[in-house]
Amino acid sequence: MIPAGFEYHAPRSVPDAIKLLGDLGPDAKLLAGGHSLLPMMKLRFAAPSHLIDLGRIPELRGIAQVGDEIHIGAMTTENDLLRSKLLAEKLPLLVEGAGLIADPQVRYKGTIGGDISHGDPGNDHPALMLALDASFVLAGPRGERTVKADGFFLGLYSTQLEPDEILTRIRIPIPPVGSGWSYQKLKRKTGDFATAAAAVLLQMKGPNVAKASIGLTNVAPTAVKARAVEDFLAGKPLDEKNLAEAARLAMSLCDPTPDQRGDTAYKTAMCGEMTRRALAAAAARARA
């Protein structure tokens, strides 16, 4: 189908984009990679009168180390993440996750900020951001504010981002040297959303877990911060008994919607299995 008519705007700076949002009101939508919004427009599920394209704002792209953090512009593409030597060295979990998103065509245009801002529990970056303890810088007419990823996702397609705000960059603390990581994702085919997935960042002290940080994808109305699993694992060895209990606890957090990827029981079981696999893989990397 063909979308309804709209006016196209291409601001060259963040202040210009914010002003357009304010001037045009609720009938205006921000355009990042377009992989979520444009299909909805073609199906007439969304019919904005104005599109504000953020693709010509250079300050919204780029990856840099700032002190003990990595800063990533919201319009940085998945392909940019995959090709970044800095991320490969400092945040390999993010690189691994980006490589499992959709397919190369999507990764060349899809952006990290668009993925996060959409608030879709099936998107991969929300759980990765929870595991990485990320923060988001939001800019609007009242200035900038920084919001933690943990608490940013409120519900299905709902976040703390206000209608007149723009996500401008992501801030991620650099994990300690020796941290293990893994993103385990079950999907039916290339390009599909996850049936269930688990992102794990792990720090070990000898045979025991010093700290675990875990995010779960597509098993609830939002990405899930698996605190019950994190708390259980602290100070314990990652033996088969504790891995099984970690999987059980992850499953207890699930509230998935049944669809063509599986019913509730299957998705819940796969969340447990992805959590177990991600923990085992992260521990092996940490020991290595």
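Descriptive notes on the structure:
- The range 1-139: relative contact order in percent, alpha carbon pairs under 8 Å with at least 6 residues between: 22 percent
- On Cα atoms only, tilt of 240-252 relative to the major axis of the chain in degrees: 40 degrees
- Across the chain, Cα pairs under 8 Å and at least six residues apart give a relative contact order of 15 percent.
- Whole-number D in µm²/s for the chain (Stokes-Einstein; Kirkwood sum over Cα pairs; 10 °C, 1.306 mPa s): 82 µm²/s
- Heavy atoms of the protein chains alone define the surface here; on that basis the range 1-132 has 46 Å² accessible area per residue at 1.4 Å probe size.
- Shape of the range 157-212, Cα gyration tensor, a/c cut at 1.5: oblate
- For the range 223-288: span of alpha carbons on each principal axis (Å, largest first): 38, 21, 21
- DSSP-loop trypsin sites (Lys or Arg not before Pro) across the range 10-52, with at most 14 other Cβ within 10 angstrom: Arg12, Arg44
- Within the listed set Gly33, Gly25, Gly272, the Gaussian network model of the chain (springs between alpha-carbon atoms below 10 Å) gives the highest mean-square fluctuation for Gly25.
- Highest GNM mean-square fluctuation among Leu128, Leu94, Leu233, for the chain modelled with Cα contacts below 10 Å: Leu233.
- Per the Kirkwood formula applied to alpha carbons, the range 113-223 shows a radius of gyration over Rh ratio, Rg over Rh, of 1.01.
- Helical contribution to [θ] at 222 nm, DSSP H n ≥ 4, -39,500 (n - 2.57), averaged over the chain, rounded to 500: -10000 deg cm²/dmol
- Top of Gln203, Gln105, Gln160 by mean-square fluctuation, Gaussian network on the chain, Cα under 10 Å: Gln105
- Relative contact order computed over the range 151-266 (Cα-Cα under 8 Å; 6+ residues apart), in percent: 18 percent
- Average accessible surface for the range 232-288: 50 Å² per residue, computed with a 1.4 Å probe over protein heavy atoms with every protein chain in place.
- Karplus (6.51, -1.76, 1.60) ³J(HN,Hα), θ = phi - 60°, over the range 35-46, in Hz, Gly and Pro reported as x: 6, 9, 6, 5, x, 5, 5, 5, 8, 6, 7, 9
- As computed over the range 169-288, the Cα convex hull volume per residue (Å³): 115 Å³
- Nearest 10 degrees, 0 to 90: helix 264-287 Cα axis against the chain principal axis: 70 degrees
- Rounded to the nearest 5, the antiparallel percentage of DSSP beta bridges internal to the chain is 85%.
- Value of D in µm² per second that Stokes-Einstein yields for the range 47-170, Kirkwood Rh from Cα pairs, at 10 °C (1.306 mPa s): 107 µm²/s
The values are calculated or read from the model by the stated rules, or taken from the named source; none is laboratory data. Being a predicted model, the structure only gives us computed values, none of them experimental. Please note: Cβ atoms are built from the backbone with ideal geometry, for glycine as well, and neighbour counts cover all protein chains shown. Note: accessible area is taken over every heavy atom of the protein model, side chains too, but ligands, DNA and RNA are not part of it. Shrake-Rupley method; radii C 1.70, N 1.55, O 1.52, S 1.80 Å.
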